[in-house]
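Novice: Before I ask anything, here is the structure I am working with.
Please treat every number below as a calculation from the coordinates, not as lab data. Note that the coordinates shown come from a computational prediction; the quantities given were computed from them, not determined experimentally. Cβ atoms come from the backbone with ideal geometry, glycine included; neighbour counts cover every protein chain shown.
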Amino acid sequence: MITRLLRQEGWQVNFKRIYRIWKREGLKVPVKKVKKRRLGDRSGAIGRRRAERPNHVWSVDFIFDRTVNGRSLKVLSLIDEFTRECIALEVNRKFTGDDLVTLLVDLFAIRGRPQFIRSDNGPEFISKQVRDFLDLIDVGTSYIEPGSP
C-alpha cells in the first residue's frame with residue numbers, strides 16, 4: 001500500500017526495499033476488518049438472539065483435554081447465557097447424541113427448559129436423536145460457526 005502511494009507521488013521505489021524499511025522502523029499496516037455476514041435465517045439469526053432472561057438461551061460446547069497417559073477427555077460444558085451460570089460440566093471419554101439427550105432430560109426436570117440451545121454444528125449436537133428430542137419438547141436450536149465464541 002505504501003509502495004503504491006509512493007509510486008503515485010512519482011517516486012521510483014522497490015516493494016522489497018519499502019518493506020524492509022517499514023519492518024526496521026517497527027511500523028505496522030492496519031488490518032482491514034472483514035465484514036462478517038450474518039449467520040442463520042432471519043428468524044434464527046445469531047446476532048439478534050441475545051439472552052433476555054434466565055433460561056432463555058443455553059450454550060453447550062466441548063472442551064478437550066488429555067490425561068497423563070495421553071488418553072483424551074471430553075468435557076461437556078453447558079451455561080445459561082443470561083446469568084453466565086454453569087449449568088452442567090460432564091466429563092467422559094466420549095459423548096453421543098443419546099448421552100446429550102439424557103443429560104438434557106435431567107436438566108430440564110431440575111431447571112425447566114430453555115427457549116433456545118446454542119451450539120456449534122458438531123456431530124453430537126446435530127444428531128437425529130438430539131434434533132428429534134428438541135423438536136418434541138419445542139426447544140429451538142441456534143448453530144454457530146465452530147470455533148466462534
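Novice: With equal scatterers on the alpha carbons only and no solvent term, can you work out the Debye log10 of I(q)/I(0) for the chain at 0.11, 0.13 1/Å?
Specialist: Debye output, listed in q order: -0.58, -0.68.
Novice: Of all GluC sites (Glu not before Pro) in the range 82-148, which ones are in loop regions per DSSP and have a Cβ with at most 15 other Cβ atoms within 10 Å?
Specialist: none
Novice: If the cut-off is 16 Å between C-alpha atoms, which aspartates and glutamates fall inside it for residue 35, apart from same-chain ones fewer than 8 positions away?
Specialist: Within the straight-line cut-off, residue 35 pairs with 145.
Novice: If packing is taken as the mean number of other Cβ atoms within 10 Å per residue, what is the order of 6-17, 56-67, highest first?
Specialist: For the peptides 6-17, 56-67, the packing ranking is 56-67, 6-17.
Novice: Let me ask another. What length, rounded to one decimal in nm, is gained on full extension from residue 66 through to residue 135, with 0.36 nm per residue of separation minus their alpha-carbon distance?
Specialist: Once the chain is fully extended between residue 66 and residue 135, it gains 21.4 nm.
Novice: In whole Å, largest first, what are the principal axis extents of the Cα atoms in the range 57-144?
Specialist: Cα extents, longest axis first: 42, 29, 25 Å.
Novice: Work out, step by step, the length gained on full extension between residue 32 and residue 15: first 0.36 nm times the residue separation, then minus their alpha carbon distance; give nm to one decimal.
Specialist: Stretched fully, the residue 32-residue 15 segment lengthens by 4.1 nm.
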